[in-house]
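The values are calculated or read from the model by the stated rules, or taken from the named source; none is laboratory data. Fair warning: this is a prediction, and the values are worked out from it, not measured in the lab. With ideal geometry, Cβ positions are generated from the backbone for all residues, glycine too; neighbour counts draw on all protein chains shown. Surface accessibility is based on the protein's heavy atoms, side chains included, excluding ligands, DNA and RNA. Shrake-Rupley method; radii C 1.70, N 1.55, O 1.52, S 1.80 Å.
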Amino acid sequence: MELTIFILRLAIYILAFPIYLLNFLGLWSPICKKCFPYFLARFTVMYNEQMASKKRELFGNLQEFASPSGKLSLLEVGCGTGANFRFYPPGCRVTCIDPNPNFEKFLIKSITENRHLQFERFVIAAGENMHQVADGSVDVVVCTLVLCSVKNQEQIIREVCRVLRPGGAFYFMEHVAAERSTWNSFWQQVLDPFWPLLFDGCSLTRESWKILERAGFSKLKLQHIQAPLSWELVRPHIYGYAVK
């Protein structure tokens, strides 16, 4: 099995050599950063259609974490095009963080389509360094399809815990590595070295639930599912929330 994976990876390296060369020269990332938002705008429409019931279930109790005044302050890390906005409760105050400034125009469109929210600001920053957000200043942090692509999962969870108030919650929905010894796992391992170049750093083989289990949250509600998605490779999912 390992030899077969190695041979198939080698074939991909050869076929995709121009992309690897552009990446080595530092030319591929700027192209990807500009093009990826257009892909994601289309992908999230499909994703929301197929995952709508799971997202409604996930975000159904957001208001329980509102401050005593009844206002809910929410920080979305890796906001992308704002695909989650329609699932947030009315009056929710939303701050968005994403390292890719090219998402801004897509984000503005989502804001205009979701007038039930109170949009605060868009911060261009990586989730591993959210120094623009004060300690203990938000009720909820949301992170969907982001842990697969961040450079340091442990650091982003530390930052999440820093900005959450005591008793605040971290909501997540992520695709993860498939169960070992399955065909899905096999193809994830074959394609994983090339996948991040196409999808802005995304990895197919991360076991993100392990990071959450070790994070020291006071409560962790986590489910593993096979998401009802067209793309077999990203069907293995985890979703749930954790309380600081």
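Report, to the nearest 10°, how far helix 2-15 tilts away from the longest principal axis of the Cα atoms in the chain, using its own Cα long axis and a range of 0 to 90°. Taking Cα atoms only, the helix is inclined about 90 degrees. Relative contact order of the range 99-167: 36 percent, from C-alpha pairs under 8 Å at least 6 residues apart in sequence. With a Cα cut-off of under 25 Å and a minimum spacing of 8 residues unless on different chains, the lysine pairs in the range 1-243 number 25.
The string of couplings for the range 74-80 from the Karplus curve (6.51, -1.76, 1.60, θ = phi - 60°) is 10, 10, 9, 9, x, 5, x Hz, one whole number per residue in order, with x for Gly and Pro.
Accessible surface ranking for R42, R9, 1.4 angstrom probe, highest first: R42, R9. Please work out the C-alpha center-to-center distance from the range 110-166 to the range 180-244 and express it in whole Å. Each part's Cα centre sits 19 Å from the other's. Toward the positive end of the charge dipole of the chain, with +1 on the Cβ of Lys and Arg and -1 on the Cβ of Asp and Glu, the farthest Cα among G167, Y241, Y38 is that of G167. For the range 140-217, trypsin sites (Lys or Arg not before Pro) meeting the loop criterion (DSSP other than H, G, I, E, B) and having at most 15 other Cβ atoms within 10 Å: K151, R180, R214. Extending 7 Å from the Cα toward the beta-carbon at both D135 and L222 defines two label points whose distance is 2.7 nm.
Of the residues W195, W187, ranked by 1.4 Å probe accessible area with the largest first, the sequence reads W187, W195.
Computed from backbone phi with θ = phi - 60° and the Karplus coefficients 6.51, -1.76 and 1.60, the 3J(HN,Hα) list for the range 219-230 is 8, 9, 10, 10, 10, 9, 9, 9, 5, x, 10, 6 Hz; x is used for glycine and proline. These residues, S149, S181, go from largest to smallest accessible area, 1.4 Å probe, as S181, S149. Label 7 Å along Cα→Cβ of W231; the range 1-35 residues with amide nitrogen under 17 Å? Residues 32-35 qualify, since their backbone N sits under 17 Å from the label point.
Shown in residue order for the range 57-73 are the 3J(HN,Hα) couplings computed by the Karplus curve 6.51 cos²θ - 1.76 cosθ + 1.60 at θ = phi - 60°: 5, 4, 8, x, 10, 3, 5, 5, 9, 5, 5, x, 6, x, 7, 10, 9 Hz (x for Gly and Pro). Solvent-accessible surface of the range 1-243, averaged per residue with a 1.4 angstrom probe and all protein chains in place: 49 square angstrom. With loop membership from DSSP and a limit of 15 other Cβ atoms within 10 Å, the longest segment of the chain without GluC sites (Glu not before Pro) is 1-178. Segment Q155..I108, full-extension length gain: 14.1 nm, with 0.36 nm per residue of separation and the alpha-carbon distance subtracted.
Remark: spin-label model distance V243-L15 equals 4.9 nm, labels positioned 7 Å along the Cα→Cβ axis.
In deg cm²/dmol and to the nearest 500, what is the mean residue ellipticity at 222 nm of the chain if only DSSP H runs of at least 4 residues count, each as -39500 (n - 2.57), divided by the residue total?
My calculation for the chain gives -11500 deg cm²/dmol from helical runs alone.
Only the Cβ atoms of Lys and Arg (+1) and of Asp and Glu (-1) were treated as charged; on that basis the dipole of the chain about its Cα centre amounts to roughly 380 debye. Near V141, the amide H atoms lying under 5 Å from its own belong to L75, A169, F170, Y171; only residues 5 or more places off or on other chains count, and H is placed 1.01 Å from N. The relative contact order of the range 1-243 comes to 18 percent, based on Cα pairs under 8 Å that sit 6 or more residues apart.
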